[in-house]
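Taking it in order: structure first as structure tokens, then the write-up.
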Amino acid sequence: MDRTGFIGGSDCSKIMQGDWYDLWMVKTGRKKPDDLSMNWQVQVGIATEDLNLHIFSHEYEVELENYQKKFEMNWNGVPLRGTIDASVKGSDAIVEAKHTNSFAKMDAQVDRYYPQLQFYMWLANASLCYFPNLFGNGKPWKCVAINKDGEFIERLKEKLVVFWQYVLRDDEPPKGEE
């Protein structure tokens, strides 16, 4: 999969964590992105996404729409792309479903995916993101609602522009924390 030419949701976590060098290598075509087609954890998440969304719809008594809807924008010269799992019909809420191991904790999941969730809310112009998680096969299903965080998104925007300048200039970013 070609990951050059844009910033996506999963890239936002790397950008906010300061893991710029490896991401820059991918975005400039110097390194191929990881091939996840045979990564069984990723494939289980893909295979169980519909189930996770079905559980969410049932538990919250809502109807979902806009499955796998793609969003694109160019913000201050930075091309952005994201795909939401679904949105809640009749609201400005999106849903991003994950499947993780049975030892994971919801707080850790939120921390790990927070930049991606905020990025998707920004692109989709949503004020809320439901974040349902399946934990292995031994723990109960859990979901949290995460509000759009304008201050975080402003910090993200700043870092996106700085990172993208390294890509445009074909200038290697520092390998440490940004």
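The values are calculated or read from the model by the stated rules, or taken from the named source; none is laboratory data. These numbers were taken from a predicted model, which means no experiment stands behind them. No Cβ is skipped: glycine too gets one built from the backbone with ideal geometry, and neighbour counts run over all protein chains shown. Heavy atoms of the whole protein, side chains included, go into the accessibility calculation; ligands, DNA and RNA do not. Shrake-Rupley method; radii C 1.70, N 1.55, O 1.52, S 1.80 Å.
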Which of the numbered conditions does P132 fail, given that it passes all the others? Conditions: (1) in contact (Cβ under 8 Å) with a residue 60 or more places away in the chain; (2) touching a helix residue (DSSP H, G or I) at 6+ places or on another chain (Cβ under 8 Å); (3) crowded, with 21+ Cβ neighbours inside 10 Å; (4) assigned to a helix (DSSP H, G or I). (4)
Looking only at segment 134-178, which residues are at pLDDT 95 or above and among the polar types (S, T, N, Q)? N147, Q165
Scan segment 84-94 and give yes if some residue there is among the aliphatic types (A, V, I, L, M) and assigned to a helix (DSSP H, G or I), otherwise no. no
Against the definition (outside any strand (DSSP E or B) and among the hydrophobic types (A, V, I, L, M, F, W, C)), how does L80 come out, yes or no? no
Filter segment 119-128 down to the residues that are farther than 14 Å from G90 by Cα and either part of a strand (DSSP E or B) or open to solvent by less than 10 Å² (accessible area, probe 1.4 Å) (or both) and list them by number. F119, M121
E49 is checked against (1) on the phi < 0 side of the Ramachandran plot; (2) at pLDDT 95 or above and fails just one. What number does that condition carry? (2)
Selection from segment 138-157 of residues that are in a helix (DSSP H, G or I), open to solvent by 70 Å² or more (accessible area, probe 1.4 Å) and either in contact (Cβ under 8 Å) with a residue 24 or more places away in the chain or in contact with a Cys (Cβ under 7 Å, 6 or more places away or on another chain) (or both): R155
